[in-house]
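Down below is the structure, laid out as structure tokens.
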Protein chains: 2
Amino acid sequence: MYRLCHPGDGEEAPDLPHGIVKRKRTLKRGETLYRAGEPFRNVYAIRYGSVKTSLVTDDGRVQVTGFHIAGELLGLSAIVTGRYNCEAKALEAAGVCEVRFDQFGELSRQLPSLQYQMLQIMSQELLHNQELMLLLGKKNAKERLATYLLNLSQRFEKRACSYTRFNLTMSRSDIGNYLGLAEETVCRIFSLFHEEGLVTTRSRQIQLNDLDRLKAIARG
Amino acid sequence: MYRLCHPGDGEEAPDLPHGIVKRKRTLKRGETLYRAGEPFRNVYAIRYGSVKTSLVTDDGRVQVTGFHIAGELLGLSAIVTGRYNCEAKALEAAGVCEVRFDQFGELSRQLPSLQYQMLQIMSQELLHNQELMLLLGKKNAKERLATYLLNLSQRFEKRACSYTRFNLTMSRSDIGNYLGLAEETVCRIFSLFHEEGLVTTRSRQIQLNDLDRLKAIARG
DNA sequence: AATTAACATTGACATATGTCAACCATTCCG
DNA sequence: CGGAATGGTTGACATATGTCAATGTTAATT
């Protein structure tokens, strides 16, 4: 499978012409990659670390729209308006490849598979969004959190990371915000899952002890 | 702007080679265009009428994921898996252009703008999904319904239809389902808006009497 | 290492919205 | 046209989750 940028420890990805097209960039925890309203120039492939994206409404409410980890692509929803509609912020030290979008047309003539790949990525994101709609529209708090944990788990699995034990780089408040729940509700459900032996949490470290039961909960 | 298929009364769109690439199809009210799990072969451009898409969970819960009107494109989230993940059903008599997806690669070599167009459309959809996340995650019932009505209004406006007076082709139950609300709640809010003179409803006909105030409500 | 700030947890209580039920209005179809 | 089916409305009441507040814990900073 074609990759815009290989996630990993920092070796240069061989797929694209060097230099012009992509540029590496590192972010400290809390640093902003782009803000809502800024002109759209680049998409970003995450090499390592994690990034959250969020929208702000006129009246100041915030909606976290996603958490993104190594191998994922950021900024695609900005294509249509030419401006980023959300802001992207590093949740921990992170590295990204900056890919200039205005060179995409050119690039995909040289590399026809890129076009196909792009459709795949965007389609994947649409699919994910639909699952999220289901979560936000129809699931209760337990189901939401279980679904969330399993989704993270799967994404780590794809990236050859441990999928039963990982670090939640986002705060409870971020999780709640993303899932349409209050921070306190997230805490309570974590405690509940902990009591029932489903997960073991120590601060932001989490271990999933019973994937099957979690799946059953996620389904309802 | 390039169009896959011109919405309207049925004249053949001149943009694409006839025949091979696209085929017209008409649907009666309630008829299914595709079902979840079916192999993905086509995307569909709606020429007239309206279509709803919905997901079903293992335990039988349904989530309406969208309502689609003339000029909009259906099926893009199926690209990545090769199967439709939701089902699409006509809300009223409708006409669509069927566009074979396996000819897209070929086609966009002939018509380079198509590729660009495709990115635009998908990006637009991602953007819309994010607004929906905000709605489902952060807005209360009144805000949701106001947002919904305004969104429909805007889409009709783009298509040169009346944007203050239109027909809701979907049931209250569908609207509620889509917005993460009970059918009864939707009814109550409609009644409330009606009492306050914001809208005039007679069954499924609706007239928006005060867009500005609706906008204020939608924002919170 | 001590101090401070940010984050997490838990309890008590409030409330928006869901659920259940009865009834009314439209639309569909023979 | 009439009767049945589907869809819409309203009320009474239940409840999941939010809000507010107090306290504990972890991480950042000097």
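The values are calculated or read from the model by the stated rules, or taken from the named source; none is laboratory data. Fair warning: this is a prediction, and the values are worked out from it, not measured in the lab. As a convention, Cβ positions derive from the backbone with ideal geometry for all residues, glycine included, and neighbour counts pool all protein chains shown. Surface accessibility is based on the protein's heavy atoms, side chains included, excluding ligands, DNA and RNA. Shrake-Rupley method; radii C 1.70, N 1.55, O 1.52, S 1.80 Å.
Things to note:
- Between 0 and 90°, nearest 10: helix A:112-138 axis offset from chain A longest Cα axis: 20 degrees
- Shape summary: the stretch B:114-199 maps onto an equivalent ellipsoid whose semi-axes, from the alpha-carbon gyration tensor, are 26, 17, 11 Å in decreasing order.
- Mean accessible surface per residue for the stretch A:140-219, computed with a 1.4 Å probe while every protein chain stays in place, in Å²: 50 Å²
- Solvent-accessible area buried by pairing A with B, both sides, nearest 100 square angstrom, 1.4 angstrom probe: 4100 Å²
- Taking the stretch B:140-219 and dividing mean pair separation by its residue count, relative contact order in percent (alpha carbons under 8 Å, at least six apart): 39 percent
- Nitroxide proxy distance, nm - points 7 Å out along Cα→Cβ at B:ARG83 and A:ASN167: 3.7 nm
- Convex hull of alpha carbon positions in chain A: directionally averaged projected area 12.4 nm².
- Within the accessible area of the protein assembly as shown (1.4 Å probe), percent carbon and sulfur: 48 percent
- Looking at the stretch B:160-220, the GluC sites (Glu not before Pro) that sit in a DSSP loop and have at most 14 other Cβ atoms within 10 Å of their own Cβ are B:GLU196.
- Here, P(r) means the percent of Cα pairs in each 10 Å bin from 0 to the largest distance; for the stretch B:22-132 it is 14, 45, 35, 6, 0.
- Rounded to 10°, Cα long-axis angle of helix B:183-195 versus longest principal axis of chain B: 60 degrees
- Within chain A, helix-based [θ] at 222 nm, where runs of 4 or more DSSP H residues each add -39,500 (n - 2.57), nearest 500: -12000 deg cm²/dmol
- Between A:GLU106 and A:THR26, the simple spin-label model (points 7 angstrom out along Cα→Cβ) gives 2.9 nm.
- Once the Cα gyration tensor of the stretch B:95-145 is diagonalised, semi-axes √(5λ) in Å: 34, 13, 7
- If R0 equals 56 Å, the separation of the Cβ atoms of B:SER203 and A:LEU211 corresponds to a calculated FRET efficiency of about 0.70.
- Residues of the stretch A:98-127 with an amide N closer than 15 Å to a point placed 7 Å from the Cα of B:TYR116 along the Cα-to-Cβ direction: A:101-109.
- Derived scalar couplings ³J(HN,Hα) [the stretch A:29-45; Karplus, 6.51 cos²θ - 1.76 cosθ + 1.60; whole Hz; x for Gly, Pro]: 3, x, 6, 9, 8, 7, 10, 4, x, 5, x, 7, 10, 10, 9, 10, 9
- Residue pairs, from the table A:LYS52/B:LYS89; A:LYS22/B:LYS89; A:LYS89/B:LYS138; A:LYS52/B:LYS215; A:LYS158/B:LYS22, whose Cα atoms sit over 32 Å apart: A:LYS52/B:LYS89; A:LYS22/B:LYS89; A:LYS158/B:LYS22
- Debye intensity ratio in log₁₀ form over the Cα atoms of the protein assembly as shown, taken at each q of 0.12, 0.14 Å⁻¹: -1.12, -1.48
- Residues losing 20 Å² or more accessible surface upon assembly, the stretch B:75-93, compared with the chain by itself, 1.4 Å: B:SER77, B:ILE79, B:VAL80, B:ASN85
- Heavy-atom accessible surface of the stretch B:22-132, averaged per residue, reaches 41 Å², computed with a 1.4 Å probe.
- With eigenvalues of the C-alpha gyration tensor scaled by 5 and rooted, the stretch A:54-107, Å: 23, 17, 8
- Chain A: angle of helix A:141-158 to the longest principal axis, Cα-based, in degrees nearest 10: 40 degrees
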